[in-house]
Amino acid sequence: MYVARDKDGDLYLYKEQSVKNDNWESWQSGSDNPHDYLKLDPSLLPEVKWEDEGPTEVELVKKEKV
């Protein structure tokens, strides 16, 4: 999974590697499936910026109940 931030500050989680679209000032899904991304709270991951060369790879981990 990957996260990327659009120029307007919106943060998205993508199932597949996304591609930066400078014309639209946003990241685009690398697949044709329109449902393979999720908008996240923009306050998360402040280190992810529009200026990044590529999306940031992340791992989703399920926590076990203690």
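Read the figures in this text as sums done on the coordinates, not as results from a lab. Every value quoted in this text rests on a predicted model; they were computed, and no experiment measured them. Don't worry about glycine lacking a Cβ; one is built from the backbone with ideal geometry, like all the others, and counts go over all protein chains shown.
For K15 and D41, the FRET efficiency from 1/(1 + (r/R0)^6), where r spans their Cβ atoms and R0 equals 25 Å, is about 0.85.
Scanning residues 5 or more positions from E16 or on other chains, those with amide H under 5 Å from its amide H are G30, with H placed 1.01 Å from N in the peptide plane.
Across segment 12-27, rounded Karplus estimates of 3J(HN,Hα) from the backbone phi angles (6.51 cos²θ - 1.76 cosθ + 1.60, θ = phi - 60°) give 10, 9, 10, 5, 10, 4, 8, 10, 6, 10, 5, 5, 9, 6, 8, 9 Hz, Gly and Pro being marked x.
Each other residue within a Cβ distance under 10 Å of L13 adds +1 if Lys or Arg and -1 if Asp or Glu, for a net charge of +1.
For V58, the residues 5 or more places off, or on other chains, whose built amide H falls under 5 Å of its own are Y2, V3. A simple rule links phi to the HN-Hα coupling: the Karplus curve 6.51 cos²θ - 1.76 cosθ + 1.60 with θ = phi - 60°, which for segment 29-39 gives 4, x, 10, 8, 7, x, 10, 9, 9, 9, 6 Hz, with x for Gly and Pro. Here is the P(r) of the chain: all C-alpha pair distances, binned every 10 Å from 0, give 22, 54, 18, 5, 1 in whole percents.
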